[in-house]
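The values are calculated or read from the model by the stated rules, or taken from the named source; none is laboratory data. Nothing here was measured: the structure is a model prediction, and the numbers come from that model. Reconstructed Cβ throughout: ideal geometry from the backbone, glycine too, with neighbour counts over all protein chains shown.
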Amino acid sequence: MTLESNLARLLREGHFAVTAEVGPPKGASADPLLQKAAALKGYVDAVNVTDCQTAVVRLSSIAAAVHLKAAGLEPVVQMTGRDRNRIAIQSDLLGAYSLGVRNLLCLTGDHQRFGNHPEARGVFDLDSIQMVAMVRRLGDPGEFLCGEPIRGERPRFFVGAVENPFAGPLEMRVRRLEKKIEAGAEFIQTQCVFDLERFRRFMAMVREHGLHRRGRILAGVTPLKSVRMARFMRDQVAGITIPDEVLARLENAADPAAAGVSLCVEQISELRKIEGVAGVHIMAIAWEQIVPEIVRRAGLYPRPAQ
């Protein structure tokens, strides 16, 4: 029996959604993952499970999602096209759906040269837009990419994609977002927002095209734990813009971590005022235990019941 995901229901009903993100461990034990789950339970509506993020080998995102589901959290499985061709992707998606996974985030994937196996061969059979279209086709009309019909239950995922409002011209980013929504993306998670003015301009263009009515936009936020982290993200992570005033605030703070949390809470408050923003995606990198404090201080707790 097909069941609607909790995240899909909350967004459909107009609730302001809160999602978080966890990276599976670099080992076969689920204990580190379950420790993160214990911190997040009750404070978020769903949890992204990264798929070998930055091309570093980790526990399977699908296996990790099953562990999180057993721990009482609703997973959002990330699926990249870097490591799989269309046969493997469709097979893995059938398996994930059979295990109770209902939310899927489609990504092209970080290039393998950035990871711990730079000599690996990238697959990149499908990009994220093509993958979104394929996943929607699996659910309706219920056929594989080759056109062969699915036998038995169709995997009807709540399908998401990502967008970066800070990489390249805004017009190009909005057009790319439109392509993903036209392909069938039902929700969008953005890169972490530090430059609120640029994000407001991005959202104004999103509204001009009516895209906020066709796909739910979840704005990404990241609590900055230190000045070093902020500088690294500004200088080394492509597609992230951190304004000078944000960096100065951390540099002048007696407790940079506390200042980073306060800044994140303030950013959420501003994002909630922007028409078309349907929720926030909190990416607390290796700092998942801070998410409950952020959610409480942002006035987003308690969460709607599942």
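In the range 1-105, which helices (runs of 4 or more DSSP H) lie fully inside it and hold 2 or more residues that are hydroxyl-bearing (Ser, Thr, Tyr)?
Because the criterion is at least 2 residues that are hydroxyl-bearing (Ser, Thr, Tyr), the helices (runs of 4 or more DSSP H) in the range 1-105 that meet it are 86-98.
Which ones in the range 245-289 are farther than 30 Å from ARG213 by Cβ and either of a type in the set (Val, Ile, Thr) or at pLDDT below 95 (or both)?
Result: VAL246, VAL261, ILE285, ALA286.
Any residue at all in the range 112-128 that's touching a strand residue (DSSP E or B) at 6+ places or on another chain (Cβ under 8 Å) and surrounded by fewer than 19 Cβ atoms within 10 Å (Cβ to Cβ)?
Among the residues of the range 112-128, not one is touching a strand residue (DSSP E or B) at 6+ places or on another chain (Cβ under 8 Å) and surrounded by fewer than 19 Cβ atoms within 10 Å (Cβ to Cβ), which makes the answer no.
If we keep just the residues of the range 177-194 that are free of Cβ contacts under 8 Å to residues at least 60 places away in the same chain and out of contact with any strand residue (DSSP E or B) (no Cβ under 7 Å at 6 or more places or on another chain), which is farthest from ARG12 (Cα to Cα)?
Step by step, filter the range 177-194, then rank; the result is LYS179.
Among the residues of the range 157-176, write down those that are under 13 Å from GLN130 (Cα atoms) and in contact with a helix residue (DSSP H, G or I) (Cβ under 6 Å, 6 or more places away or on another chain).
Across the range 157-176, the qualifying residues are VAL159, ALA161.
How do the pairs read when you match residues in the range 142-171 that are in contact (Cβ under 8 Å) with a residue 60 or more places away in the chain with residues anywhere that are β-branched (Val, Ile, Thr) and part of a strand (DSSP E or B), using Cβ under 9 Å and keeping only pairs 6 or more apart or on different chains?
Going by the 9 Å Cβ cut-off, the qualifying pairs are PHE157/VAL77; PHE158/VAL76; GLY160/VAL76; GLY160/ILE188; ASN164/THR190; PHE166/THR190.
Within the range 232-291, take every residue that is of a type in the set (S, T, N, Q) and surrounded by fewer than 17 Cβ atoms within 10 Å (Cβ to Cβ) and give me the one that is nearest to ALA17 (Cα to Cα).
Step by step, filter the range 232-291, then rank; the result is SER269.
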